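Take a look at the structure set out below.
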Amino acid sequence: MSAFLGDDFLLESDVASDLYHRVASDLPIIDFHCHLSPELMASDRRFRSITEVWLDGDHYKWRAMRANGVPERYCTGDASDWEKFEAWARTVPDTLRNPLYHWTHMELKRPFGIRALLSADTAREVFDRCNAKLVEPGFSTLGLLRTFGVAVVCTTDDPADTLEFHEQLAARTDLATRVYPTWRPDRALDTGDPERFNAWVVRLEAASERSVTTWTSFLGALEARHEAFHEHGCRASDHGLETLPVEPWTDAAVARAFDRLRRGRALDARDAAGLRSALLYHLAILDHQRGWVQQFHLGALRNTNTRLLRTLGPDTGFDSIGDFEMARPLARFLDRLDETNQLAKTILYNLNPRDNELFATMIGNFQDGSVPGKLQYGSAWWFLDQLDGMERQMNALSNMGLLSRFVGMVTDSRSFLSYSRHEYFRRLLCNLLGEDVRKGRLPDDREALARLVRNVCFANAQEYFYGGRELPS
């Protein structure tokens with residue numbers, strides 16, 4: 001019987017152990033999609049307690065605590081740091097077989113060096129030991145990135161953001177981690193509430209230093225910000241959508257719809273869909289022109305609990321897997337761009353596991369030989385970001401495409417402790433390969449296996465986003 005969280009955790013063969021410890025474990029990390037705060041990195045923030053760095057903003061843990069009968073006061077409320085930590089510690093023993101049980105103890109082991117199982121009995125000792133570590137030099141935001149071997153972090157940034165914190169980070173000469181913005185124009189596509197949309201357009205005007213009164217000037221302001229992001233080292237966009245908007249439109253109809261929206265008038269469903277479809281198309285063209293990678297996170301059903309949305313706001317743990325139509329919209333969107341040879345490198349992430357093979361086969365429709373792995377089936381995302389989900393994603397990609405060209409894992413996290421997810425992914429990848437060798441499904445060719453592991457865990461992403469060793473300065 002293997003020891004829990006031992007050196008060979010999740011590694012079930014000698015081949016898997018060799019690949020992980022010899023090849024994967026010390027590779028640098030390129031985290032090309034996350035939600036870390038540029039402001040916290042620019043100030044090299046130190047955390048007041050383990051609660052702040054570990055529990056604040058973590059809707060994964062909040063969902064588990066609520067399911068375990070923990071009152072909201074100990075999740076998002078005004079309880080003290082110790083009270084919140086103790087409530088989480090009491091919950092952890094009840095998360096057996098939930099990925100949180102693995103992640104919790106992996107994150108305590110690294111970087112804190114704590115091997116004790118977290119529970120009500122160990123809560124005080126673990127709390128105090130973590131807090132003592134947090135005052136040490138390697139436990140600031142930038143110190144943690146260095147500890148985890150993170151070479152590149154790509155944050156998630158609104159087009160109206162000033163990017164001032166990215167400028168501060170770029171001016172530093174002592175960074176072990178390069179930090180770049182990622183273009184996330186979801187607010188530009190959020191046309192459902194005219195008041196909210198127009199308030200955001202005011203911010204866009206300020207950031208772009210352009211007046212936005214027409215559809216044409218709106219596109220001009222977005223293009224100006226797109227260029228500014230590029231100058232700040234951005235090489236990727238990202239979109240969080242239920243499904244891709246692909247309604248037919250005419251320029252005249254979209255211009256009229258935008259004019260109504262700017263005058264504070266709500267759009268009917270058809271006009272809203274046409275405007276969003278046109279805008280996403282134009283944004284995709286910009287990505288192609290600048291050689292960016294476009295990412296699409298598809299399928300989340302968000303903010304389902306109206307009462308708690310009103311009380312707590314969005315991104316507090318009330319989202320789930322959706323069952324939206326995917327295949328035809330995806331095919332239409334990608335085909336329209338490919339038809340004029342203006343399809344950028346693209347990563348597609350699905351949230352509903354029923355769509356694994358759909359996404360894995362869809363990317364094959366638009367591979368054109370110009371770039372290895374030009375279309376990517378992205379890593380297991382959100383609710384699928386766990387042992388079963390990661391294995392199923394890699395199996396679908398292996399069966400329908402080329403695992404060897406996969407650009408690998410992302411954290412998709414707001415926590416500076418979430419880099420254990422890269423370790424988790426790397427162990428699972430090595431174990432999949434090791435099991436195939438053990439069963440005679442793959443040859444025991446360590447050189448070929450090591451090359452695949454190295455490429456998937458680091459080198460493919462380095463080449464895909466930055467052309468090998470060439471990184472934006």
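Tabulated values for the structure
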quantity	calculated
Rg/Rh for the range 103-222, where both radii come from Cα atoms and Rh is the Kirkwood radius	1.17
Share antiparallel - DSSP beta bridges, the chain, percent rounded to 5	10
Whole-Hz couplings from phi, Karplus 6.51/-1.76/1.60, listed for the range 439-452; x for Gly and Pro	8, x, 7, 10, x, 7, 9, 5, 5, 5, 5, 5, 4, 4
Where chymotrypsin sites (Phe, Trp or Tyr not before Pro) fall in DSSP loop in the range 1-90, at most 13 other Cβ within 10 Å	4
Contour minus Cα-Cα distance for residue 435 and residue 250 (0.36 nm per residue)	61.2 nm
The range 320-473: C-alpha pair distances exceeding 29 Å, %	19
P(r), alpha carbons of the range 47-139 - 10 Å bins starting at zero, rounded %	17, 55, 27, 2
Contact order normalised by residue count of the chain, Cα under 8 Å, 6+ apart, percent	21
The range 19-32 - phi-based ³J(HN,Hα) in whole Hz, Karplus 6.51/-1.76/1.60, Gly and Pro as x	5, 5, 6, 8, 10, 7, 4, 9, 5, x, 10, 10, 9, 8
Cα gyration tensor, the range 261-365 - rounded (a/c under 1.5), prolate or oblate	oblate
Kirkwood Rh and Cα Rg combined as Rg over Rh, evaluated for the chain	0.96
Residues with amide H under 5 Å from that of residue 178, placed H, sequence gap 5 or more	152, 153
15 Å reach of a label modelled at residue 335, 7 Å along Cα-to-Cβ, counting backbone N of the range 359-383	362-367
Proximal lysines to residue 133, defined as alpha-carbon separation beneath 21 angstrom and excluding residues fewer than eight positions away on the same chain	84, 109
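Read-outs throughout are calculated quantities, based only on the coordinates presented, and are distinct from any laboratory measurement. Bear in mind the structure is a predicted one, so any value in this text is a computation, not a measurement. Every residue, glycine as well, gets a Cβ built from its backbone with ideal geometry; the counts of neighbours run over all protein chains shown.
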